[in-house]
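Structure record follows, encoded as structure tokens.
The values are calculated or read from the model by the stated rules, or taken from the named source; none is laboratory data. This structure is a prediction, so every number in the text was calculated from the model and none was measured. Reconstructed Cβ throughout: ideal geometry from the backbone, glycine too, with neighbour counts over all protein chains shown. Side chains included, ligands, DNA and RNA excluded: accessible areas come from the protein's heavy atoms. Shrake-Rupley method; radii C 1.70, N 1.55, O 1.52, S 1.80 Å.
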Amino acid sequence: MLMSDSLEPPESCRYCRDLKPGYTTDTYIPFDEWAPGICISSCQTCRVIVQGIKELCPGFLEGEFDGQAAGPRPGEDVWLSVDERCRVVIGILKNGVGHRVVDIQFYYPLTNGDQTHVKQVIFATGIYSSAIKTTLAYIFEDGLSARVPQIGYAGEISPVPGDKPMWTFLRKCLDYCIKEHDKCKASQDPHWYPERLLYLTQRKAGKDALQLVQTTHHIPMSRYIALSHCWGSKSPLRTSKKNLSQFLEDISISDLPMTFRDCLTAARELGVHYIWIDSLCIVQDDRQDWARHARSMDKIYENALFTVAAVCSPNGQVPFLGPHAPSNRETWQAVNINIDAENVEPPKKANGLPPAQLKARKYEPYLFP
């Protein structure tokens, strides 16, 4: 059933504001009124939020947060905001001071991490809080449809850093940046290179080969990347006056710490052959070499195609890729949101496939696809 253009939609739900993208609270509701109200609301998006909170922030709706036990929260108000990616932030305001407590993103998962499976966006009708509204609804190429149409779609977060979906996602991001980000192009000089770079190639046997090159003699044929890492208490493999000539011939990859090897993996997966790593590209026991590189350190990172930041590795022996990397990604894995769809009639294909699975996850921008 399509809606008449002359029929105006009702006011939005006071508890959830219908998850309207870009909404930020302009009026506050006492927590002791909001929490029981959203829990018993017949509004569909209220039920979505309640399930997400119960799964990811247990105890919040009972008043158990900020180190306090469950119970009434007199004098505390609730504020709510929703961004374009359906990130729902719920905060508490007390004595004029507010802070964020709940931060959840709701989404429909993309097939193969790609937006191309969204076939069309149409207008459809649904019943929300006993009122008819016209909203946008997605129909996917696989026949699934979005039961909460104002919630968009997003890729899943890879449970293990460095798995195949992650590299697929990063290749697309890098390709898009190279082609579309004019500001990135304007801020970099693609023809400037550090004095030395690591050159990653493959031998005839198919194994990786690595050597240090002087860019004045070996002009790079493509862009380079840089590694930002923590040395820790144990110094990683370093270039010195003694081994410089050897490294200009070959560097044994088996001698590299895990952080460096993971950087080589990132370069290989993203089609990069040149890498800058401070401990190997600067002669560590040569003060003049150090001083010369220190003066151009800003240019080294600024002109890199991108910088790999090994933020989870406290030293070079700790990997940042694979199942042994110290990742907290399990904290950000999604949970399924199962809603009662009796009060909404989304469009479906003739094949009658079920609606797409709505999901929720804690918000972490550094991990989001």
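Within segment 86-98, the set of residues being touching a residue at least 12 places away in the same chain (Cβ under 8 Å) and outside any loop (DSSP other than H, G, I, E, B) comprises ARG87, VAL88, VAL89, ILE90, GLY91, ILE92, LEU93, LYS94, GLY98. Of all residues in segment 252-264, one or more are assigned by the TED database to the domain that holds TYR199, open to solvent by less than 50 Å² (accessible area, probe 1.4 Å) and more than 30 Å from PHE169 (Cα to Cα).
From the list SER254, SER296, the one residue that fits, being among the hydroxyl-bearing types (Ser, Thr, Tyr) and more than 29 Å from ILE178 (Cβ to Cβ), is SER254.
Assigned to a loop (DSSP other than H, G, I, E, B), open to solvent by less than 30 Å² (accessible area, probe 1.4 Å) and hydrophobic (A, V, I, L, M, F, W, C): is that true of LEU321 in this structure? Yes. Does LYS299 satisfy being farther than 26 Å from VAL318 by Cβ and part of a loop (DSSP other than H, G, I, E, B)? It is false that LYS299 is farther than 26 Å from VAL318 by Cβ and part of a loop (DSSP other than H, G, I, E, B). Is it fair to say ALA267 is among the small types (Gly, Ala, Ser), surrounded by 12 or more Cβ atoms within 10 Å (Cβ to Cβ), under 32 Å from the mean Cα position of the chain (by Cα) and part of a strand (DSSP E or B)? Here the answer is no, as ALA267 does not meet what is asked. Of all the criteria given as (1) aliphatic (A, V, I, L, M); (2) open to solvent by 40 Å² or more (accessible area, probe 1.4 Å); (3) over 23 Å from TYR193 (Cα atoms), the one not satisfied by ALA309 is (3). For segment 301-317, the set of residues classified as more than 22 Å from the chain's Cα centre (by Cα) and within 17 Å of ASP262 (Cβ to Cβ) consists of ASN315, GLY316, GLN317, listed by residue number.
Restricting attention to segment 341-354, does a residue exist that is at pLDDT 80 or above, assigned to a loop (DSSP other than H, G, I, E, B) and surrounded by fewer than 19 Cβ atoms within 10 Å (Cβ to Cβ)? Among the residues of segment 341-354, not one is at pLDDT 80 or above, assigned to a loop (DSSP other than H, G, I, E, B) and surrounded by fewer than 19 Cβ atoms within 10 Å (Cβ to Cβ), which makes the answer no.
Conditions tested, residue by residue: (1) assigned to a helix (DSSP H, G or I); (2) touching a His at 6+ places or on another chain (Cβ under 6 Å); (3) surrounded by 18 or more Cβ atoms within 10 Å (Cβ to Cβ).
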position: TRP34; (1), (2), (3): yes, no, yes
position: ARG47; (1), (2), (3): yes, no, yes
position: GLU55; (1), (2), (3): yes, no, no
position: VAL78; (1), (2), (3): no, no, yes
position: GLU84; (1), (2), (3): no, no, no
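Considering segment 89-112, and only residues there that are under 20 Å from the mean Cα position of the chain (by Cα) and among the polar types (S, T, N, Q), the residue that is modelled with the highest pLDDT turns out to be GLN105. Residue count for segment 57-69 satisfying the condition of being open to solvent by 60 Å² or more (accessible area, probe 1.4 Å) and part of a loop (DSSP other than H, G, I, E, B): 6.
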